[in-house]
Amino acid sequence: MARIIVVTSGKGGVGKTTTSAAISMGLAKKGHKTVVIDFDVGLRNLDLIMGCERRVVYDIINVINGEATLNQALIKDKNCNLLSILPASQTRNKDALTLEGVEKILEELSKDFKYIVCDSPAGIETGAHLAMYFADDAFIVTNPEVSSVRDSDRMLGILSSQSRRAERGEEPIKEYLLLSRYSAERVKSGEMMSLDDVQDILSLHLLGVIPESKSVLTSSNAGTPVILDEKSEAGQAYADIVARYLGENKPHRFIDEKSGFFRKLFGGK
Amino acid sequence: MTINSHSPPAVEFKSSTFSVPVLSLASNDLMLIEQLLNEKVKLAPEFFKHSPVVVDLGEVHKKQLILDFADLVTVIRKAGLFVVGIRSGNELQQAQAIALGIPLNTAPTNDVKIDTKSKVIKAPTNDEFVENDSTTMMITKPIRSGQRIYSHGDLIVLAQVGAGAEILAEGNIHVYGTLRGRALAGVQGNTEARIFCSDLQAELISIAGNYKISDDIHGAISNTPVQIYLQKNTLVVKPIV
């Protein structure tokens, strides 16, 4: 049975799609057959980040409506052959997604894949609801900023009450925190919420902190998931996150300010 | 008549929550019920005047007592109350309720089969006629923004209550974490109810309808365990020493 992961946040622009692309690539690179699904029908983005926008023929709505088979719609990633992408439709709206349709697709994908990553749209409407409904694990992407934290808190409430697991009274969805666009310098100067401030409100299992990094934008524009940029801090942070999710013990990084050259020299922290 | 697209629709369904007293019966002796009801109403005639009431037949059903629901409704009407719903009861009673235009408030519980041949058991005299459903609710996980929790008795929360969450209890509220959302204790009018929390950062606190919003409560009390109680219709926030 596949493990279904939803990448969600409530708020837009916090890095859900970047995260979905990075972790699905990370899981595939670790040797697990993975598929990533774009649930953002009408605002299709994942294919751009994954660099496969020119190879989209059919999408998830075509599959739901029976106009194409799942295999026709799935796109093999060019960097890793264990990774597939199921794109969203750009011409339809989110109401074209149906619960039965999504369930059928996930059931079918479960036979072939080890991990199914669902890239949720922002908001708490149909698309976001269907993306999280069947999930086993939830990656909550949050920026260190009050409105993002509040929306994540709301999303957690929805996860614990409106998912299939909740409705069936099964073991609840496992929730993980991914704190993105974190800047230790700005936290130190008091401009940004610290990890502790965020955890004070959310109290979640922390999977990793992703530092604010220029490489995220460059990678996105180039159509390669940032995790492939092994030199960048964001890429390393996502690699750590995937490793931790798979049970490896990696110490947390990027939380404290980098120790500068001089401080290292004089033995300061 | 043309419908102006700017005017609100003529018919609109809106969701709203009301608190309605529940009349819980432990006997099927209509004479006794009538007598006790009248005594109760006499205690607070203004409160009970034309008051809506939901009849809970759970106990009667459990004890397999036979009770004609239509007769019961007549007795309750005589006491000046209006039956607006029925909870539990057997199929016959529920059918009677529907026939009288009274809605069912829960799914039917068919766990007890009614033996129609069984004799009417004489009701035990029960002093606690109107029962208080004082069950304590315990929550161990954080209450998230947008969630709403209602307890018919006390409410104990062993985690934080997020901003934008709402917790309501007919009894006391205990929060062993930071209280950021809204907390309303004694929502059925219990002025003795209190709120306890280990860190008060609430958006709103209320006891029996008397409330304070965050602007009025924020002082030097953050990060200290406090209790909130009602004194002469004013909310008092006091650190617990």
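Throughout, read-outs are computed from the coordinates displayed, never taken from laboratory work. Computed from a prediction, not measured in an experiment: that's the story for all the values here. With ideal geometry, Cβ positions are generated from the backbone for all residues, glycine too; neighbour counts draw on all protein chains shown.
Here are the numbers for the structure shown:
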{"quantity": "Rule-of-thumb Rg ratio for the protein assembly as shown [Cα; 2.2 N^0.38 Å; N residues]", "calculated": "1.23"}
{"quantity": "Long pairs among A:LYS94/A:LYS188; A:LYS16/A:LYS231; B:LYS78/B:LYS232, criterion Cα-Cα beyond 29 Å", "calculated": "A:LYS94/A:LYS188; B:LYS78/B:LYS232"}
{"quantity": "Electrostatic dipole magnitude of the protein assembly as shown [Cβ: Lys, Arg +1; Asp, Glu -1; Cα centre; debye, to 20]", "calculated": "920"}
{"quantity": "Estimated D of segment B:129-239 in µm² per second, where Rh is the Kirkwood radius over Cα pairs and Stokes-Einstein applies at 20 °C, 1.002 mPa s", "calculated": "159"}
{"quantity": "Among A:THR142, A:THR91, A:THR17, residue whose mean-square fluctuation peaks in a GNM of chain A (springs only between Cα atoms under 10 Å)", "calculated": "A:THR91"}
{"quantity": "Highest-fluctuation residue, A:ASN79, A:ASN71, A:ASN93 considered, GNM on chain A with Cα pairs under 10 Å", "calculated": "A:ASN71"}
{"quantity": "Directionally averaged projected area (convex hull, Cα atoms, chain A), nm²", "calculated": "14.4"}
{"quantity": "Across B:LYS40/B:LYS63; A:LYS214/B:LYS141; A:LYS104/A:LYS174; B:LYS14/B:LYS42, pairs whose alpha-carbon gap is larger than 28 Å", "calculated": "A:LYS214/B:LYS141; B:LYS14/B:LYS42"}
{"quantity": "For chain A, calculated [θ]222 nm from helices alone, where every DSSP H run of n ≥ 4 adds -39500 (n - 2.57)", "calculated": "-11500 deg cm²/dmol"}
{"quantity": "Electrostatic dipole magnitude of segment B:129-239 [Cβ: Lys, Arg +1; Asp, Glu -1; Cα centre; debye, to 20]", "calculated": "260"}
{"quantity": "Bridge type composition, chain A - antiparallel percent by DSSP, nearest 5", "calculated": "5"}
